Amino acid sequence: MAKIEFRNVCKYFGDTKVIENLNLTIEDGKFTVLVGASGCGKTTLLRMIAGIGPATSGQILLDGEDITDVPPGKRGIAMVFQNYALYPTMTVRQNIEFGLKNNGVPKAERERLVAEVSEIVGLANLLDRKPSTLSGGQRQRVALARAMVKKPKVFLMDEPLSNLDAKLRAQMRVELIELHKRLKTTFVYVTHDQVEAMSMADKIVLMDNGVIQQEGTPEEIYNDPNNVFTAQFIGTPPMNMLLVDKSGTLVGFRPEKVSLAYENAEGFLKRKGTISTREMLGSETLYRVDLGDAYVMVKSFNDKFRPDEKVEIAVCEEDLCFFDPDGVRIRDSRIDGLLQRLATAGGDK
């Protein structure tokens, strides 16, 4: 078991508030991803779990035990850093077994553990190599193996793929998902990359300025955002937003939910516009449509439209999300009035 709980946790650096009264439960055995822009507090949370950046106040519990003041080495937690932090003068084998050796683990047991984890991460034939002779992906596997060999309750990963090229990042994402399935251990992963969050997580925790904006499965976060920040942080391109009225109320919809036609597009919300740009993405084409008073992005399997052509967009009623002037999702009876307002506006705009 490795459930992590934050209870009313605050973190200050001098007079600067980074996190205040945060409450969060990270479930046992789940792949939890903390995501947000740089400076949002996600790495600060990770460091508090590891014990290398203590909380200013509040409690952090591991399986119900308060570990707020427990030294890092006694928490049963292993951390994989962005820069791998490998010893350049040591071989792969020596890097992996370094912590075991320091803890007095007998040689035979060390050899067994190193052989076991190196096989899992695909390093069995590289044990006598130095880090300088390895690729970025191989060095990342060494860092993972060094963490795995400790048999930790929790794996903490701080942007571990950010130094890899795009193709290798995609490959390593798959490998980490497979590794998590095999180990069935709690993974807590920090990234600013929403693609990593969406593709890897069992649960996403989206943060901004030290505050949790929303937590849930990738499907919940994407399809049912609680606020404008979530709607526009998650998704490429982000959710389109149009003003409903002068109060600042917004209606949002995902680019792939937009129907595009030269005329008579099918849907509830209809607007006429002009194709501004067209990006061919392979099976899909991304269009930017100028509505006169706003732009919307449309993701379509239809690649026939060209820049400067007059078109009509339409979105079905069930694909619309409404947000109040403070950016909070509207989920009550106000929606009926907003729908009537949109229906009245119709395709005249």
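A few notes on this one:
- J(HN,Hα) series, the range 162-175, from Karplus relation 6.51 cos²θ - 1.76 cosθ + 1.60, nearest Hz, glycine and proline x: 5, 8, 9, 6, 4, 5, 5, 4, 4, 5, 5, 4, 4, 5
- Full extension of the chain segment joining Asp293 with Tyr87 gains 68.4 nm, where the gain is 0.36 nm per residue of separation less the Cα-Cα distance.
- A full extension of the chain between Asp69 and Asn21 corresponds to an added length of 15.5 nm, given 0.36 nm per residue minus the alpha carbon distance.
- Given Lys184/Lys257; Lys101/Lys181; Lys3/Lys203; Lys42/Lys130; Lys30/Lys150, the pairs whose alpha carbons are separated by over 24 Å: Lys184/Lys257; Lys101/Lys181; Lys42/Lys130
- Net length gained if the chain between Gln340 and Asp308 were fully extended (0.36 nm per residue, minus Cα distance): 8.4 nm
- Whole-Å distance, taken between Cα centres, linking the range 15-45 and the range 191-265: 19
- Distance in nm between pseudo-label sites at Ser283 and Ser57 (7 Å out along the Cβ direction from Cα): 5.3
- Rg to Rh quotient for the range 1-145, alpha carbon positions, Kirkwood Rh: 1.03
- Volume per residue of the convex hull around the Cα atoms, evaluated for the chain, comes out as 166 Å³.
- Selected from Ser259, Ser199, Ser333 as most flexible by GNM, with the chain as the system and alpha-carbon contacts under 10 Å: Ser333
- Angle between the chain longest axis and helix 136-148 axis [Cα atoms, degrees, rounded to 10]: 60
- Bridge type composition, the chain - antiparallel percent by DSSP, nearest 5: 75
- Semi-axis lengths (Å, descending) of the ellipsoid that matches the C-alpha gyration tensor of the range 238-345: 25, 13, 12
- A DSSP coil position with no more than 16 other Cβ atoms inside 10 Å describes the following GluC sites (Glu not before Pro) in the range 195-298: Glu263, Glu266, Glu284.
- Computed from phi, the 3J(HN,Hα) profile of the range 223-231 under the Karplus parametrisation 6.51, -1.76, 1.60 (θ = phi - 60°) reads 8, 9, x, 7, 7, 5, 4, 4, 4 Hz, with x in place of Gly and Pro.
- Principal-axis tilt of helix 92-102 within the chain, Cα atoms, nearest 10 degrees: 70
- Cα-Cα separations in the range 202-282 greater than 14 Å, expressed as whole percent: 71
Values quoted throughout were computed directly from the atomic coordinates according to the rules given, and no laboratory measurement underlies them. The shown structure was predicted, so the numbers you read here are calculated from the model rather than taken from an experiment. Glycine also receives a Cβ, built like all others from the backbone with ideal geometry; neighbour counts cover every protein chain displayed.
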